[in-house]
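These notes concern the structure reproduced below.
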Amino acid sequence: MKIGIIGAGNIGGNLTRRLTALGHDVSVANSRGPLTLKELAEETGATPVVVEEAARGAEVVVITIPVKAVPSLPPGILDGAADGVAVIDTNNYYPQQRDGRIAEIEDEGLTESRWTERRIGHPVIKAFNGTYAQDILDRPRAAGDPERLALPVAGDDEAAKAKVRVLIDELGFDTVDAGGIDDSWRQQPDTPVYGLQAGTDAVTKALAEANPDRPAAFRG
């Protein structure tokens, strides 16, 4: 599968490592340009590209950059992607720690991923946002393994969600359907499932126990 990754931080870098190891054709981009990705490319075999080319021909695109950087993505970032491209949003809104206050999220009650959808003009699937980056490398397990971790996955596009869930299974993790993007508050920062390293039953329970009120530590 051709996969484009926008962002080469902890999550983006480790997804690049694992997805190339599984045989996928990965293009990776960051804000500083392809030359800064030389070491990652040499390590993994991924193709370093400019951001404008990351989605070209891709069946899956991963956006894994700070929320505050999403509006700076080039217009038409998904132009040239494959038909039915699934866009994974791994981002979290940290108003006090990094991103500043975003009125649409705080005043209108938009989920973080709904806000991202509006910025890029395409539906997204929220996944990996509460996953420890090192677990992507260290914690894959075969299906049925009692120690296999489960990740929540939210999104409105059922075909795209199914594609993402298959990919996560290939990476070595179970998934739990967390509903649509308007339900994705259940996996935002400081919810019970955020950072939870557990199996399907515990993740399902944690999603059900989430409180829709944004905690004070994550309000601007």
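The values are calculated or read from the model by the stated rules, or taken from the named source; none is laboratory data. If you're wondering where the values come from, they're calculated on a predicted model, not measured in any experiment. Here the Cβ is made from the backbone with ideal geometry for all residues, glycine too, and neighbour counts use every protein chain on show. Ligands, DNA and RNA are excluded from the accessible area calculation, which covers all protein heavy atoms including side chains. Shrake-Rupley method; radii C 1.70, N 1.55, O 1.52, S 1.80 Å.
General remarks:
- If you go through the range 77-95 and keep only what is surrounded by fewer than 16 Cβ atoms within 10 Å (Cβ to Cβ) and of a type in the set (D, E, K, R), you end up with 79, 83.
- Test: residue in the range 198-206 that is outside any loop (DSSP other than H, G, I, E, B), closer than 29 Å to residue 44 by Cα, among the acidic types (Asp, Glu) and free of Cβ contacts under 8 Å to residues at least 40 places away in the same chain: no
- Residues of the range 4-17 satisfying the condition of being open to solvent by less than 40 Å² (accessible area, probe 1.4 Å), in contact (Cβ under 8 Å) with a residue 60 or more places away in the chain and not small (Gly, Ala, Ser): 6, 11, 14, 15
- Residue 147 meets the stated requirement of being over 24 Å from residue 117 (Cα atoms) and either free of Cβ contacts under 8 Å to residues at least 40 places away in the same chain or not in a helix (DSSP H, G or I) (or both).
- Sub-6 Å Cβ pairs linking a first residue in the range 157-178 that is outside any helix (DSSP H, G or I) to a second residue that is open to solvent by 10 Å² or more (accessible area, probe 1.4 Å) and among the hydroxyl-bearing types (Ser, Thr, Tyr), at least 6 apart or interchain, are 174/200; 176/200; 176/204, ordered by first then second residue.
- Cβ-Cβ distances below 6 Å connect the following pairs, each with a first residue in the range 20-34 that is among the polar types (S, T, N, Q), a second residue that is surrounded by 16 or more Cβ atoms within 10 Å (Cβ to Cβ), and a separation of six or more residues or different chains: 20/26; 20/44; 20/46; 27/4; 27/47; 27/49; 27/54; 30/8.
- Hey, residue 216 of a type in the set (A, V, I, L, M, F, W, C), open to solvent by less than 70 Å² (accessible area, probe 1.4 Å) and without any contact (Cβ under 8 Å) to a residue 24 or more places away in the chain or not: yes
- Restricting attention to the range 58-116 and to residues that are under 21 Å from residue 133 (Cα atoms) and among the basic types (Lys, Arg), the residue that is farthest from the chain's Cα centre (by Cα) turns out to be 98.
- The residues in the range 91-141 that are among the aliphatic types (A, V, I, L, M), assigned to a loop (DSSP other than H, G, I, E, B) and within 19 Å of residue 167 (Cβ to Cβ) can be counted, and the count is 2.
- For the range 141-175, taking the residues that are open to solvent by 10 Å² or more (accessible area, probe 1.4 Å) and among the β-branched types (Val, Ile, Thr), the one that is nearest to residue 61 (Cα to Cα) is identified as 166.
- Summed over the range 37-76, the residues that are outside any helix (DSSP H, G or I), touching an Asp or Glu at 6+ places or on another chain (Cβ under 7 Å) and surrounded by 14 or more Cβ atoms within 10 Å (Cβ to Cβ) give a count of 2.
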